[in-house]
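Shown next, in C-alpha cells, is the structure this report addresses.
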Amino acid sequence: MSQTRQNNPFTVAQRSGKLTVSSGSAWEPKIGYSRAVKKGNMIFVSGCVGMEPDKTFSPDVGQQARRSLAIIQAALEALGASAADVVMTRMYLTNIKHWEQVAMVHGEIFGEIRPATVMVEVAKLIDDAALIEIEATAMVG
C-alpha cells in the first residue's frame, strides 16, 4: 500500500506491520529511516531540520523552527493525525541562547495542546546551516 494524501506530497506505505511516511528525502533510503512511523495508536516523527523546499536554510532560527514544525505536521497529516495528537516534542538547538525564539514558534502551534517537551543544546546538526531539529511523538484514537 502506497498512497499520497490530498495536498500532502508525503507518501504512506505498509512496512513490517507498521505504516511509514516518506517525505522523498534522499537521506531516508541511504540511512534507512522513515519521516514518520505509525504502530498501533502511536506515531513517531523523526527529527526534522528546517530545510526549505529549495534545499536552503533561513538564517533565522524562528523560521527554521516554523519549517521543522510544518514538516512534522505534514507527516502527521499523512497518517491521519494532527498537531493536537502530539504528546511529546524534542527540540535540539545549536545555540541554547535562541530558546526564546524557538519557544515562541512552538507555542504558536502547541500553546493550547501543551505536549511534554524537552529543549537542549547540541554541538552540531547534520548541516552546518541547520540551527534546530525537532522530533515529535503523537498518540491517536
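Coordinate-derived values only; no laboratory data. Keep in mind the model is a prediction, meaning the values are calculated, not measured. Cβ placement follows ideal geometry from the backbone for every residue including glycine, while neighbour counts extend to all protein chains displayed.
Taking only the Cα atoms of the range 88-138, the radius of gyration and Dmax are 11.0, 33 Å. Taking label points 7 Å from Cα along the Cα-to-Cβ direction, V122 and K39 give a separation of 2.1 nm. Relative contact order of the chain: 27 percent, from C-alpha pairs under 8 Å at least 6 residues apart in sequence. Please state the relative contact order of the range 41-93 as a whole percent: Cα pairs under 8 Å, 6+ residues apart? Relative contact order of the range 41-93: 29 percent. When Rg and Dmax of the Cα atoms in Å is computed from the coordinates, the matching label among (1) 16.4, 51; (2) 23.7, 80; (3) 14.5, 44 is (3). In this simple spin-label model, placing a label point 7 Å from the Cα along the Cα-to-Cβ direction at both W27 and A103 gives a separation of 2.7 nm. Label separation (K55 vs A129): 1.0 nm, computed from points 7 Å beyond Cα along the C-beta direction. Note on the chain: with charges restricted to the Cβ of Lys and Arg (+1) and Asp and Glu (-1), its dipole about the Cα centre is near 560 debye.
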